[in-house]
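Here's the structure we're looking at; comments come further down.
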Amino acid sequence: MADQLTSELRGFREVQRLAYACAEAVSGRLGPGVTEREAARMQREWLRARGVRDWFHLPFAWFGDRTAFAGFRIPLQFFPTDRRLEAGMPYILDLAPIHRGFTADVGYSGCLGPHPLHDRLLADLRTHRELILREVRERRTLREIYEDVDRLMIRQGYANRHRAYPFGVIAHKVDRVKERRWSPRVLGFGTQSLKGLASDALRGHREGWSPLWSPYRFSDHPPTPGLWAVEPHLGFRGTGAKFEEILVVTDSRDPEQGAFWLDDDLPHVRRWAEAV
């Protein structure tokens with residue numbers, strides 16, 4: 001599928017790869033004593049050095065039981081804290097740069113040293129990626145797919161942690177934005193992206209669809225063509241893991257052309273391939 005990408009999709013793929021390269025580079029620099037705020041700053045600096053000036057949202061970093069959103073009740077709890085990384089502690093890096101007008105939103109899960117439970121969570125995410133793609137190709141409603149992801153998590157013995165995100169979303173649409181050297185932000189989110197999401201929400205309300213993929217009635221419709229940043233997030237007690245990447249949905253009647261992951265050369269996909 002990669003060879004058949006349009007020039008526009010290649011632009012999104014390039015910024016997604018840039019974001020994952022940042023996550024891998026910063027992951028390699030993490031060690032005992034590093035705080036979430038420092039890890040978030042490392043991501044910002046790495047990307048700014050490579051030309052990023054705008055963001056869908058600024059980078060996040062979650063350590064320890066914060067990877068499972070333990071005790072999260074309000075949006076401000078998502079922002080980086082002074083929590084320090086320790087040996088054997090899981091972490092998640094979540095970053096959403098905009099580069100040359102193309103948007104990415106990725107999630108990278110890792111651990112500072114061996115952690116068998118975390119390894120199992122990462123391995124079990126593979127079936128969620130497969131389920132989501134299969135059911136999008138079947139044109140099941142977003143709400144139905146969300147519920148099927150929930151049921152799969154329960155069978156695996158996990159808790160749904162993406163339900164802790166605003167509106168409980170497992171995914172949201174991403175689009176191109178007008179390139180600027182600097183864009184103002186509101187609570188860490190770029191205003192251009194927020195305007196685009198709000199515009200989609202208004203249009204979708206009139207037409208019967210939503211740019212947010214949630215468990216609620218407004219997501220009770222088949223997948224809408226476009227690019228979706230998808231992030232199933234598993235939790236078990238104080239350990240969480242997720243991936244986040246772009247799923248492309250088109251209006252093609254051919255299932256393989258109607259939905260596909262933008263890129264299969266990503267860290268979590270390579271990890272699964274190496275484990276076989």
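The values are calculated or read from the model by the stated rules, or taken from the named source; none is laboratory data. For clarity, every value in this text was computed on a predicted model and none was experimentally measured. Positions of Cβ are backbone-derived with ideal geometry, glycine not excepted, and every protein chain shown enters the neighbour counts. Areas reflect the complete protein model, heavy atoms only, side chains present, ligands, DNA and RNA absent. Shrake-Rupley method; radii C 1.70, N 1.55, O 1.52, S 1.80 Å.
Is it true that some residue in the range 64-75 is at pLDDT below 95 and assigned to a helix (DSSP H, G or I)?
So the first thing to find is which residues in the range 64-75 are at pLDDT below 95, and the list is 70-75.
Those left that are additionally assigned to a helix (DSSP H, G or I): 75.
Yes, that holds for at least one residue.
Does residue 201 meet the test of being surrounded by 14 or more Cβ atoms within 10 Å (Cβ to Cβ) and more than 16 Å from the chain's Cα centre (by Cα)?
On the way: surrounded by 14 or more Cβ atoms within 10 Å (Cβ to Cβ): yes; more than 16 Å from the chain's Cα centre (by Cα): yes.
Yes; evaluated as a whole, the condition is true for this residue.
Tell me, yes or no, whether the range 252-266 has at least one residue that is open to solvent by less than 10 Å² (accessible area, probe 1.4 Å) and in a strand (DSSP E or B).
Yes: one or more hits.
Which one of 87, 96, 39 is assigned to a helix (DSSP H, G or I) and either touching a residue at least 40 places away in the same chain (Cβ under 8 Å) or among the small types (Gly, Ala, Ser) (or both)?
On the way: 87 fails: assigned to a helix (DSSP H, G or I); 96 fails: assigned to a helix (DSSP H, G or I).
So the residue among 87, 96, 39 that is assigned to a helix (DSSP H, G or I) and either touching a residue at least 40 places away in the same chain (Cβ under 8 Å) or among the small types (Gly, Ala, Ser) (or both) is 39.
Please go through the range 119-163 and give me each residue that is touching a Gly at 6+ places or on another chain (Cβ under 7 Å) and of a type in the set (A, V, I, L, M), ordered by number.
Of everything in the range 119-163, just one residue is touching a Gly at 6+ places or on another chain (Cβ under 7 Å) and of a type in the set (A, V, I, L, M), namely 159.
All but one of (1) at pLDDT below 95; (2) closer than 20 Å to residue 91 by Cβ; (3) open to solvent by 30 Å² or more (accessible area, probe 1.4 Å) hold for residue 181, so report the exception by its number.
Of (1) at pLDDT below 95; (2) closer than 20 Å to residue 91 by Cβ; (3) open to solvent by 30 Å² or more (accessible area, probe 1.4 Å), only one is false for residue 181: (2).
Just the residues that are surrounded by fewer than 20 Cβ atoms within 10 Å (Cβ to Cβ), closer than 23 Å to residue 263 by Cβ and either of a type in the set (Val, Ile, Thr) or touching a Ser or Thr at 6+ places or on another chain (Cβ under 6 Å) (or both), please, taken from the range 1-56.
Within the range 1-56, 6 is the sole residue that qualifies.
Considering each residue of the range 225-251, count those that are crowded, with 19+ Cβ neighbours inside 10 Å and either modelled with pLDDT under 95 or part of a loop (DSSP other than H, G, I, E, B) (or both), and give that number. Don't jump to the end; show me each part of the working.
Residues of the range 225-251 that are crowded, with 19+ Cβ neighbours inside 10 Å, as a first pass: 227-236, 239-249.
Those still in the list that are either modelled with pLDDT under 95 or part of a loop (DSSP other than H, G, I, E, B) (or both) too: 231-232, 243.
The total comes to 3.
Per-residue answers, yes or no, for (1) under 24 Å from residue 10 (Cα atoms); (2) open to solvent by 30 Å² or more (accessible area, probe 1.4 Å); (3) touching a strand residue (DSSP E or B) at 6+ places or on another chain (Cβ under 9 Å); (4) modelled with pLDDT under 95:
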| site | (1), (2), (3), (4) |
| --- | --- |
| 92 | no, no, yes, no |
| 112 | no, yes, yes, no |
| 121 | no, no, yes, no |
| 144 | no, yes, no, no |
